[in-house]
Amino acid sequence: MHIVSGDTLFARMIQIVLENAGYTQIIVSSKANRRYDLAVIDLDAFTEPPQADQYITFSRMQGRGADLIRPFRTDELVALAGERFGAPSHAHARRGNTDTPDSRREQFSAEIAVSEPDSITVNGVRIGLSPKEYRLFLVLLSNRGKAVSKDVLRSSVFDGCDGNNTEVYISYLRKKLEATGCRIATVHKKGYILL
């Protein structure tokens with residue numbers, strides 16, 4: 001399955017949602033010049049969307065004929081993927097992999113929905129975010145369970161110019177996440193990790 005979008009952070013978030021639902025072999029791409037078997041396609045990224053045998057489309061704008069309009073809930077995406085692509089256990093069964101969706105949910109107990117560029121919902125609590133906080137959260141979410149270095153955060157969120165912005169915005173996010181059961185830990189000499 002491919003997620004074809006011009007917004008790589010949002011595409012990565014979709015990838016995580018679908019992986020947590022049990023789908024595997026998901027590739028994020030920005031190329032419209034090929035045909036895909038299964039695809040989740042961002043209609044806003046292309047004048048002519050890529051061709052796919054089975055697909056789900058999303059857009060920010062009404063009237064484009066998209067299946068999902070951003071912001072959309074992650075459970076809507078998973079339900080539509082089940083309808084269009086089949087259940088993960090059929091079309092995309094994990095083979096020889098002990099990292100099942102159930103074990104992943106135990107390790108990361110917080111339910112996170114990222115549906116708008118100005119807010120997230122964690123364990124049912126909606127949290128307003130600034131644009132920089134939102135991008136920082138998406139980078140941490142896309143690497144959930146892994147340490148993300150300050151250099152990666154600088155280049156992804158602050159365009160390489162940082163000063164002490166990374167530490168400041170991590171502090172802002174930590175305060176906003178305090179009451180949700182989700183947290184950001186510091187990993188000595190490695191960076192930050194979303195738990």
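The values are calculated or read from the model by the stated rules, or taken from the named source; none is laboratory data. Just so we're clear, the structure is a prediction, and the values are computed from it rather than from any experiment. When we count neighbours, we look across all protein chains shown, and the Cβ atoms used for this are built from the backbone with ideal geometry, even at glycine. Surface accessibility is based on the protein's heavy atoms, side chains included, excluding ligands, DNA and RNA. Shrake-Rupley method; radii C 1.70, N 1.55, O 1.52, S 1.80 Å.
Among the residues of the stretch 152-168, write down those that are in contact with a Ser or Thr (Cβ under 8 Å, 6 or more places away or on another chain) and not basic (Lys, Arg).
Looking only at the stretch 152-168, we keep the residues that are in contact with a Ser or Thr (Cβ under 8 Å, 6 or more places away or on another chain), and these are 153-154, 157-158.
Leu153, Val157, Phe158 - these are the residues of the stretch 152-168 that are in contact with a Ser or Thr (Cβ under 8 Å, 6 or more places away or on another chain) and not basic (Lys, Arg).
What residue, of Thr24, Thr8, Thr74, is surrounded by fewer than 17 Cβ atoms within 10 Å (Cβ to Cβ) and touching a residue at least 24 places away in the same chain (Cβ under 8 Å)?
Values: Thr8 fails: touching a residue at least 24 places away in the same chain (Cβ under 8 Å); Thr74 fails: surrounded by fewer than 17 Cβ atoms within 10 Å (Cβ to Cβ).
Of the residues listed, the single one that is surrounded by fewer than 17 Cβ atoms within 10 Å (Cβ to Cβ) and touching a residue at least 24 places away in the same chain (Cβ under 8 Å) is Thr24.
Quick check: anything in the stretch 90-109 at pLDDT below 85, within 19 Å of Arg174 (Cβ to Cβ) and in a loop (DSSP other than H, G, I, E, B)?
So in the stretch 90-109, the residues at pLDDT below 85 come out as 90-109.
If we keep only those that are within 19 Å of Arg174 (Cβ to Cβ) as well, we get 108-109.
So of that shortlist, the ones also in a loop (DSSP other than H, G, I, E, B) come out as 108-109.
Yes, the stretch 90-109 contains at least one residue that is at pLDDT below 85, within 19 Å of Arg174 (Cβ to Cβ) and in a loop (DSSP other than H, G, I, E, B).
Just to verify a result, which residue in the stretch 148-195, among those that are outside any helix (DSSP H, G or I) and among the β-branched types (Val, Ile, Thr), is farthest from Arg135 (Cα to Cα)? Walk me through it before giving the result.
Going through the stretch 148-195, the residues outside any helix (DSSP H, G or I) turn out to be 148-149, 158-164, 181-195.
Subset that is among the β-branched types (Val, Ile, Thr): 148, 184, 186-187, 193.
On the way: Val148: 13, Ile184: 15, Thr186: 18, Val187: 20, Ile193: 15 Å.
Among those residues, the one meeting the criterion is Val187.
Could you identify the single residue in Asp67, Asp118 that is modelled with pLDDT under 85 and either among the acidic types (Asp, Glu) or exposed (fewer than 13 other Cβ atoms within 10 Å of the Cβ) (or both)? If you could, list the steps in order and put the result at the bottom.
Details: Asp67 fails: modelled with pLDDT under 85.
Residue meeting the stated conditions: Asp118.
Scan the stretch 37-64 residue by residue and report those that are among the aromatic types (Phe, Trp, Tyr) and either surrounded by fewer than 19 Cβ atoms within 10 Å (Cβ to Cβ) or in contact with a Ser or Thr (Cβ under 8 Å, 6 or more places away or on another chain) (or both).
The answer is Phe46, and nothing else.
Just the residues that are on the phi > 0 side of the Ramachandran plot and open to solvent by 90 Å² or more (accessible area, probe 1.4 Å), please, taken from the stretch 175-195.
Lys189
Are any residues in the stretch 156-174 open to solvent by 60 Å² or more (accessible area, probe 1.4 Å) and modelled with pLDDT under 80, and if so, which ones?
Residues satisfying the conditions are Asp159, Cys161, Gly163.
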